Amino acid sequence: MTFDAALHHVTSGRPEREALSYLISARGDDAARLRRAACEVRERAVGPFVHLRGLIEFSNICERDCLYCGIRRDREVGRFSLADDVVVSLAREALARRYGAVVLQSGELRGGTFAGRVEKLTRMVKSLDPAPGITLSCGEQSPETFRRWREAGADRYLLRIETTNPELFRRIHCPKSIFEKRLQSLRDLRDAGYQVGTGVMIGLPGQTCDDLANDVLFFLENDVDMIGMGPFVPCSGTPMDSWDGVPDAAARLDFALNMISVTRLVMPDLNIAAATALDAISPDGRMQGIMAGANVLMPNLGPDGERRKYLLYDNKPVVRQDDDLMVSELNHMGLSPEWDSPGTPLHYLKRTSR
Ligand code: 5AD
């Protein structure tokens, strides 16, 4: 297969795994061409705009023990949970910075206390004027809890599948994380009326380009509205820090950017976030993500002290986003932020009007 043939194949009709896999493995000039093609498709499908969401990591307390994650239950790390009024003031800050939308993210807890707390936070944040778009990212929950939070005002939910290879999924999670349950949760979110986001980690030990191609096919088959995906970044003090078979950082960056581009080609009107993990392996990683076809940035709003405790992986940036710098970098690429907008994905608007 040639690069041109693969590109043509992927952009015209039903993409097949072989062509996707070929593009995902592109390096050098081919990778640069792939990114340009993705930017053209983004421009036509969603225009020269980037959605902003203020990311509020409100608690790092987690019941799960995922083998890659810096806030896994068994890793020793100072735990915190922000007070309600702190969360609300951060959401106000997002609005003052004209972001128009926030993401409330936390470790995963189950049970009534947590469900009640997130419901309350969602209501408080949604009652601000103007009401921000709200994304929740608080792990797998029961269908009832998902519905409760949706009724409280949450618009979107992010729940990564992490990898669609069930065997690899099992290897990187604790026994409590069950692949089929994750799939069911994604269906439950859709049934509850959310704009649904998922995503994967790229460059996991033993993961192949065929696996990643299957991930893209999964996004397509499930007709998701949003994607957040980034490179795997080994985290000290976690089991996977010492695993073999992780591609070097340059390769992980290339594959992650290629995944963004290929996903854009296959699903032109999707909201695709440039994940923070990109910044952990390259200083301008997230902007490279935008240049590869992403259209969402999620600047971290958390207070400094807590931000240092929400380290999912090594090298996670802890400095505050400088908005003027972000705007000038975007302008440089011919893009601009979509200010003051809750940022509903076009894909969702089309899907729900069908
Ligand atoms: N490297 C990259 N991403 C990670 N995440 C957690 N740990 C890591 C890591 N070591 C990602 C997972 C999770 C999201 C919140 O952070 O994909 O869904």
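Rule-based calculations on the coordinates, nothing more; no lab input. What you are looking at is a predicted structure, and each value in this text was computed from that prediction instead of being measured. For neighbour counting, all protein chains shown are included, and Cβ atoms are generated from backbone atoms with ideal geometry for every residue, glycine included.
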Cα gyration tensor shape for region 308-351, rounded if a/c is under 1.5, else prolate or oblate = oblate
Interchain or long-range residues, amide H under 5 Å from LEU55's placed H = VAL103, ASN300, LEU301
What full-extension length gain, to one decimal in nm, is calculated for SER336 and ARG351 as 0.36 nm per residue of separation minus the Cα-Cα distance?
-> 2.8 nm
LEU128 paired with LYS176, simple spin-label distance in nm, labels 7 Å along Cα-to-beta-carbon = 3.0 nm
Please find, in a Gaussian network model of the chain (springs between Cα atoms separated by less than 10 Å), the residue of PRO299, PRO234, PRO283 whose mean-square fluctuation is greatest.
-> PRO283
Does region 69-142 classify as rounded, prolate or oblate by the C-alpha gyration tensor (a ≥ b ≥ c root eigenvalues; a/c under 1.5 gives rounded; else a/b over b/c gives prolate, otherwise oblate)?
-> prolate
Relative to a virtual label point 7 Å from the Cα of LYS120 in the Cα→beta-carbon direction, which members of region 51-80 show backbone nitrogen distances below 18 Å?
-> 58-61, 80
Per-residue HN-Hα couplings for region 208-216 [Karplus 6.51, -1.76, 1.60; θ = phi - 60°; Hz; x = Gly/Pro] | 10, 5, 5, 4, 5, 4, 4, 4, 5
If each of ARG17 and VAL77 carries a label point 7 Å out from its Cα toward its Cβ, how far apart are those two points in nm?
-> 3.3 nm
Within straight cross-link reach of LYS126, meaning Cα distance under 16 Å, which aspartates and glutamates are found once same-chain residues fewer than 8 apart are removed?
-> ASP84, ASP85, GLU93, GLU151, ASP155, ASP340
Ranked by GNM mean-square fluctuation in the chain (Cα springs under 10 Å), the top entry among VAL50, VAL262, VAL327 is VAL327
Phi-based couplings in Hz for region 145-161 (Karplus 6.51, -1.76, 1.60; Gly and Pro marked x) = 5, 3, 5, 4, 5, 5, 5, 6, x, 6, 9, 9, 9, 10, 9, 6, 7
When the Cα centres of region 279-354 and region 46-109 are compared, how far apart do they sit, in Å?
-> 13 Å
Net charge near LEU312, counting Lys/Arg +1 and Asp/Glu -1 over other residues with Cβ under 10 Å of its Cβ?
-> 0
For LEU220 and GLU151 in one chain, what is 0.36 nm times their gap in residues minus the Cα-Cα distance, to one decimal in nm?
-> 22.1 nm
Any residue on another chain or 5+ positions along whose placed amide H is under 5 Å from the amide H of GLN195 is listed here as ARG156, TYR157
Specify the residue with the greatest mean-square fluctuation among THR198, THR263, THR11, computed from a Gaussian network of the chain linking alpha-carbon atoms under 10 Å apart.
-> THR11
Calculate one ³J(HN,Hα) per residue across region 105-119 by plugging θ = phi - 60° into the Karplus curve 6.51 cos²θ - 1.76 cosθ + 1.60, and present them in order as whole Hz with x for glycine and proline.
-> 10, 7, x, 8, 10, 10, x, x, 5, 5, 4, x, 5, 5, 4
Quick calc, region 130-241, dipole around Cα centre from Cβ unit charges on Lys, Arg (+) and Asp, Glu (-), nearest 20 debye, gives 340 debye
For the chain, size of Cβ-based charge dipole, Lys and Arg +1, Asp and Glu -1, in debye | 800 debye
Added length on full extension, which subtracts the Cα-Cα distance from 0.36 nm per residue, ARG27 to ARG308 = 97.8 nm
Taking the mean number of other Cβ atoms within 10 Å as a proxy for protection, how do you rank 219-227, 253-261, 90-98 from highest to lowest?
-> 253-261, 219-227, 90-98
Prolate/oblate/rounded call for the chain, Cα gyration tensor, a/c under 1.5 rounded | rounded
